[in-house]
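Just below is one structure, and these are the notes that go with it.
The values are calculated or read from the model by the stated rules, or taken from the named source; none is laboratory data. Since this is a predicted model, take the numbers as computed values, not measurements. Methodologically, a virtual Cβ is constructed for each residue, glycine included, from the backbone with ideal geometry; neighbour enumeration extends over all protein chains shown.
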Amino acid sequence: MSTIIETPPQATGNKVILCEGNEAAALAVALARPDMVAVYPITPQSSLVEHVAKLIAEGRMDADIVDAEGEHSVLSALQGGALAGARTYTATCGPGLAFMFEPYFRTPGMRLPLVMTIVTRDGITPQSVWGGHQDAMTVREAGWIQIYCESVQEVLDTTVMAFKIAEHHDVMLPVNVCLDGNYLSYGASRVEMPDQAEVDEFLGDKNVNWHVALDPLRPMAVDPLTGGSGGKGPSSFVRYRRGQCRGMQNALRVITEAHEEWAQRFGRRFAPLVESYRMDDAEFALMTLGSMTGAAKDTVDEAREAGKKVGLVKIKTFSPFPVEALKQALSGIKALGVVDRAVDFRWNCGPMYRETLGVLYRLGRHLPTASFIGGLAGADLTLEHFHRVIDATEALLDGPAPDEPVWLNAND
Amino acid sequence: MEAVSACPSFSARDYKSDVKPVWCPGCGDYSVLSSITKAMAELSVPPENVALVSGIGCSSRIPAYTNVFGFHGVHGRALPIATGLKISRPELTVIASGGDGDGFSIGGNHFMHACRRNVDMTYIVMDNEVYGMTKGQASPTTAPDWEKSKLTPEGTGINPFRPLVIALASGANFIARSFSGDPNHSARMIAEAIRHPGFSFVQILSPCVTFRPEQRDWKAGIRQAPVDATTDAARAARRLMTDDGFNIGVLFRGDRKPFQPSMKARVESVRDLEKEFRI
């Protein structure tokens, strides 16, 4: 339950509240005024959709809510809603996301600009209900935009921005706002609430189904068979896929513009794609994603005080992968340690590490690197862990790079 | 019933593991666990010949608390897993168990098809008309005007699912209802369900004292079904359609042949298939 703790005089109607990440996401959804929300509870997402239901029941949000019989139906219902012109929202995680996969894969192909929070949770099996990035990482090839948040405030602001990004004419793709299960979902902190009128102006008119619609005035067969067997031949399929890829690449610019406009209007500036922290004269760096970044930044500060020339690069937008922004961020360093909260089973490393190897290839120079895997199933990533990451990455400057990933919580 | 062979006697304790349940104090599922182990003792089926498969939810934790082969599946999927298991190892006694959210919502489709397929196994649903594990949301058996869920604060407005009626219409071969407050009765129902060939469905009303404390009053409403089990599906349909949900006992006992595909290969080789298609 949120509590209004102060009203800063300089803010035009802004309120400062104390709330959890799940509630911040729900409040952001209310600010974005969706027409339709569909839900199915799952740990650690449940309180998020309960907050949405509460806002609707209290009349603070005017949306239809569908309490569905499972996540597959949730996303299918939203597809129907979006095709009929509704601004739509849902949230899920872990096994719920896995169950949703069939409509999940179709949504970007239909260019439906839904917004869905993933309250990130580790993948089962082994059975676990705790946080981790394995769920979102596992579906990263499906064509959704995926943006990870570091703080509760960033959850609120990014969730509002997600609707603008998704519905941008040059994008028209669904967006996942990823907030870390446990740490952000239940972690309470001070949050500044943007003013509703300002948000309305920021988001502008809804732009959901101009291109594909279930509209009796414009009859069209949505998603007919393409390809060689009964369709028009491969060219139409290729045209759609290329368009989808173009939308993803356009998103890099649109996400940057949305963050810039957000900073201008609301005074809070977040790095849209990649954040560089103490990187100016850094000799080596660590790379992070999501809520672990806070502890990592504190550790970098401590290491700097001890004379180590270390910096930090945080990825915010993971899909589309911010290749150019990362090239710039990593151009001056001599060694890199990447910390993942998920695994890439094929390469025996973290998924963000594997993606980053491609960027280093584009940079055209060899850089010693190491993959660190930690924070699985809700395990803590503390200053002590990040000191180990910093020491091991520093050792890459003069020593051999490990062939195996370093498992940070193996002895915890 | 072939799957249950006569063996040296066992006590209920032989089927319990030493893992302590994490259910809330007063949860009906404690009694159901005890009834399942009592039923197995009554049948004297060796623990290693029993497989207990569940989905996700409070009640789906039950395999960990028993000493038989257990599998904790994904949400709603206990029945397909149990089906595969029984078909590949027909000599085992296979029990699927879980809650009303798991079985009738996300797994609802499997419930109908498991009844229709009529594989020789037993499905025990601990029904408390609520999702307990995710902290109190309405399930498919929740009354439409229940307003205590934060997810549906004005009630769901949707007619509740009627599991026994649907089981009958879908082809279940044995249908019973029991109440966790009467563990001896539940144990009898479970033992009968296991003995009966084909797909047996046992609904056990099992109060959720945390999110549905009013269900403590169920005890007062529970009564033995006034008539004996029928083998006539039409009569059973009339009884189940008019029943208020509190009649306990065996309500239907069918005589359909269980589905058990032969594991033997039907053709020797692809050449045999080719011969059949030669014109």
Which members of the stretch B:74-89 meet the condition of being within 16 Å of B:T122 (Cα to Cα), touching a Gly at 6+ places or on another chain (Cβ under 7 Å) and either among the β-branched types (V, I, T) or not in a helix (DSSP H, G or I) (or both)?
B:G76, B:R77, B:I81
Quick test for you: out of B:I106, B:I62, B:I81, B:I36, pick the one residue that is within 12 Å of chain A (Cβ to nearest Cβ) and of a type in the set (A, V, I, L, M, F, W, C).
B:I106
Kindly list, by first and then second residue, each pair from a residue in the stretch A:289-302 that is closer than 17 Å to A:I147 by Cα to a residue that is modelled with pLDDT of 95 or more and in a helix (DSSP H, G or I), limited to pairs with Cβ atoms under 6 Å and residues at least 6 apart or on different chains.
A:L289/A:M352
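A quick yes/no check of all residues on (1) modelled with pLDDT of 95 or more; (2) under 19 Å from B:Y123 (Cα atoms); (3) hydroxyl-bearing (S, T, Y):
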{"residue": "B:G171", "(1), (2), (3)": "yes, yes, no"}
{"residue": "B:F179", "(1), (2), (3)": "yes, yes, no"}
{"residue": "B:I190", "(1), (2), (3)": "yes, yes, no"}
{"residue": "B:R212", "(1), (2), (3)": "yes, no, no"}
{"residue": "B:Q224", "(1), (2), (3)": "yes, no, no"}
{"residue": "B:S262", "(1), (2), (3)": "no, no, yes"}
{"residue": "B:A265", "(1), (2), (3)": "no, no, no"}
Can you find even one residue in the stretch B:90-100 that is within 13 Å of chain A (Cβ to nearest Cβ) and either within 14 Å of B:I166 (Cα to Cα) or in a helix (DSSP H, G or I) (or both)?
yes
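Quick check, is B:A237 of a type in the set (G, A, S), surrounded by 23 or more Cβ atoms within 10 Å (Cβ to Cβ) and over 17 Å from B:N128 (Cβ atoms)?
No, not satisfied.
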For the stretch A:72-115, what are the residues that are closer than 15 Å to A:T138 by Cβ and touching a strand residue (DSSP E or B) at 6+ places or on another chain (Cβ under 7 Å)?
A:T92, A:C93, A:L97, A:M100
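Could you please find all residues in the stretch A:260-292 being assigned to a helix (DSSP H, G or I), of a type outside the set (K, R) and either at pLDDT below 95 or touching an Asp or Glu at 6+ places or on another chain (Cβ under 9 Å) (or both)?
A:W262, A:F266, A:G290, A:S291, A:M292, listed by residue number.
For the stretch B:40-47, state whether one or more residues are assigned to a strand (DSSP E or B), surrounded by 19 or more Cβ atoms within 10 Å (Cβ to Cβ) and either over 18 Å from the mean Cα position of the chain (by Cα) or free of Cβ contacts under 8 Å to residues at least 24 places away in the same chain (or both). Reasoning before the result, please.
We begin by selecting, within the stretch B:40-47, every residue assigned to a strand (DSSP E or B); these are none.
No, the stretch B:40-47 contains no residue that is assigned to a strand (DSSP E or B), surrounded by 19 or more Cβ atoms within 10 Å (Cβ to Cβ) and either over 18 Å from the mean Cα position of the chain (by Cα) or free of Cβ contacts under 8 Å to residues at least 24 places away in the same chain (or both).
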In the stretch B:239-249, how many are more than 15 Å from B:A167 (Cβ to Cβ) and assigned to a helix (DSSP H, G or I)?
1
If a residue has to be more than 10 Å from every other protein chain (Cβ to nearest Cβ) and touching a residue at least 24 places away in the same chain (Cβ under 8 Å) to count, how many in the stretch A:24-74 make the cut?
24
Given the conditions (1) under 30 Å from A:V129 (Cβ atoms); (2) of a type in the set (A, V, I, L, M, F, W, C); (3) away from chain A (no Cβ under 14 Å); (4) surrounded by fewer than 22 Cβ atoms within 10 Å (Cβ to Cβ), and given that B:A191 satisfies all but one, which numbered condition is not satisfied?
(1)
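Would you say A:R278 is in the same structural domain as A:V313 (by TED's automatic domain parsing) and either within 23 Å of A:I165 (Cα to Cα) or within 26 Å of the chain's Cα centre (by Cα) (or both)? Don't jump to the end; show me each part of the working.
Values: in the same structural domain as A:V313 (by TED's automatic domain parsing): yes; either within 23 Å of A:I165 (Cα to Cα) or within 26 Å of the chain's Cα centre (by Cα) (or both): yes.
Yes: the conditions hold for A:R278.
Residues are listed down the side, and each one gets a yes or a no for (1) over 16 Å from A:D340 (Cβ atoms); (2) within 14 Å of chain B (Cβ to nearest Cβ); (3) among the acidic types (D, E); (4) assigned to a loop (DSSP other than H, G, I, E, B):
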| site | (1), (2), (3), (4) |
| --- | --- |
| A:A91 | yes, yes, no, no |
| A:P95 | yes, yes, no, no |
| A:Y104 | yes, no, no, no |
| A:R111 | yes, no, no, yes |
| A:A136 | no, no, no, no |
| A:E150 | no, no, yes, yes |
| A:Q153 | yes, no, no, no |
| A:L156 | yes, no, no, no |
(1) away from every other protein chain (no Cβ under 11 Å); (2) hydrophobic (A, V, I, L, M, F, W, C); (3) surrounded by fewer than 21 Cβ atoms within 10 Å (Cβ to Cβ) all hold for B:F71 apart from (1)
Of (1) assigned to a loop (DSSP other than H, G, I, E, B); (2) among the small types (G, A, S); (3) touching a Gly at 6+ places or on another chain (Cβ under 7 Å), B:A143 fails just (3)
Go through (1) of a type in the set (A, V, I, L, M, F, W, C); (2) touching a Pro at 6+ places or on another chain (Cβ under 7 Å); (3) part of a loop (DSSP other than H, G, I, E, B) and name the single condition B:W218 misses.
(3)
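Of all residues in the stretch A:35-83, which are in a loop (DSSP other than H, G, I, E, B) and surrounded by fewer than 24 Cβ atoms within 10 Å (Cβ to Cβ)? Talk me through it step by step, then tell me what you get.
Our first condition is that a residue be in a loop (DSSP other than H, G, I, E, B); within the stretch A:35-83, this holds for A:35, A:40-45, A:58-63, A:68-70.
Of everything in the stretch A:35-83, those that are in a loop (DSSP other than H, G, I, E, B) and surrounded by fewer than 24 Cβ atoms within 10 Å (Cβ to Cβ) turn out to be A:D35, A:T43, A:E58, A:G59, A:R60, A:M61, A:D62, A:A63, A:A68, A:E69, A:G70.
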